[in-house]
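Presented below is the structure to which this report refers.
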Amino acid sequence: MGSVPASSSGPAVSGRSGRAPDLAVEIAGIVFPNPVLLASGTAGYGDELAGLIDLRRVGGIAVKGTSPEPIEGHPPPRLFPTPSGILNAIGLQNVGVDRFIVEKMPFLRAAGCPVVVNVFGSTIEDYGTVIRKLNDCDGIAAYELNVSCPNTEEGGIAFGSSAGSIRNLVGRTRAASARPLWVKLSPNVTDIAAMARAAEEAGADALTVANTYLAMAIDPETYEPRIRNVTAGLSGPAIRPITLRLVYQCRQAVGIPIIGLGGIERGVDAVEYLLAGASAVQVGTASFKDPRASIRVIEELADFLARKRLSSVADLVGRVKTASFGARRS
């Protein structure tokens, strides 16, 4: 899949050139109409949101994680709201790659936005199996490797927990992939920059930074965990400042594009990620509260560019002024 025609993101506003700011971004040779994508796991397969928003207006959609075989996921309770966030332990529920191709891709091809397929497995061969099958499926822009999954060949330690494991996984899936390969890093590591470098060295075309944070909640009345799985992933506004730091650290470590996500609800949230070094962002948990959150982020980002008289998204990427911190503003 090549470029996708940019669609309107709201009223036309002008940058310094006198024209509406250019929202299009290019990531690993694929042109996205704007830098705001729907995050994997929060937008299902697209059809769940299609009656609520026009998918042609979003930059793209990263669909639910796809595995070689269907997975039912964890039993409930598997969602729990927290202050400024949500805990989830869905258990990577999905229909499996074969049903995804037959049942889900026809709708996604017709949806009018770029499709990024999130891929996972419990062995490296699982990832390769999914990717080789998807290679023959039309309408996919890129693959996004979820490296937060346990590697059963290595005693259940997550693929993304060591640079060596990431390098091995990415290198072998890169050889199998006919499309750009994004690597969705885990934040639950001591040195995310080292993981980013390992992914880049092994052939990753872009990084998604980052996945959810391992967390838990307990019911003080029953003494029981709020989630049946005991631990869960924390997402939402609470994690935004932490993930923003991770994006900044990864930007200092690698030269490939970064897609930032974590707690983005407004246009200014996206601006922060772009300034930290992301080339694009993903909106996830905010869509649960407001299905139009991604559209609002796009519109507010366009307004911000116009107000600052900037011509394109590229004018923001990596422009945080750390060197001048504390200097008197002009």
Highest-MSF residue in the chain out of 203, 260, 51 [GNM, Cα springs under 10 Å]: 51
Can you work out the FRET efficiency for the pair residue 322 and residue 191, with r the C-beta to C-beta distance and R0 = 22 Å, to the nearest 0.05? 0.65
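Could you give the length gained by full extension between residue 153 and residue 84, i.e. 0.36 nm per residue of separation minus their alpha carbon distance, to one decimal place?
Details: separation 69, 0.36 × 69 = 24.84 nm, distance 3.65 nm.
Result for the pair: 21.2 nm of gain on full extension.
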Dipole of the chain, positive direction: furthest Cα of 67, 254, 91, with charges on the beta-carbon: 254
Can you compute the modelled spin-label distance between residue 123 and residue 223, with each label point 7 Å from Cα toward Cβ, in nm? 4.2
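Helix-only estimate, please: 222 nm mean residue ellipticity of the chain, summing -39500 (n - 2.57) across DSSP H runs of length 4 or more and dividing by its residues, to the nearest 500.
Result for the chain, helices only: -8000 deg cm²/dmol.
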Dipole of the chain, Cα-centred, from +1 at each Lys and Arg C-beta and -1 at each Asp and Glu C-beta, to the nearest 20 debye? 1220
Order these by the 10 Å Cβ neighbour count, fewest first: 64, 133. 133, 64
Would you mind calculating the gained length between residue 252 and residue 99 on full extension (0.36 nm times residue separation, minus the Cα-Cα distance), in nm to one decimal? 51.1 nm
Under the rule of at least 5 residues apart or a separate chain, name every residue whose amide H is placed under 5 Å from the amide H of residue 151. 156, 157, 158, 159
What does the charge dipole of region 146-213 about its Cα centre add up to, to the nearest 20 debye, if the Cβ of each Lys and Arg holds +1 and the Cβ of each Asp and Glu holds -1? 180
Can you compute the FRET efficiency between residue 54 and residue 178 using 1/(1 + (r/R0)^6), with r the Cβ-Cβ distance and R0 = 22 Å? Round to the nearest 0.05. 0.15
Within the chain, what is the number of lysine pairs with alpha carbons under 28 Å apart, leaving out pairs fewer than eight places apart on the same chain? 11
At R0 = 35 Å the Cβ-Cβ FRET efficiency linking residue 231 and residue 109, nearest 0.05, sits at 0.45
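Where a number appears in this text, it was derived from the coordinates with a stated rule and is not lab data. Computed from a predicted model, the values in this text were never measured in an experiment. FYI the Cβ positions are ideal-geometry reconstructions off the backbone, even for glycines, and counts take in every protein chain you see.
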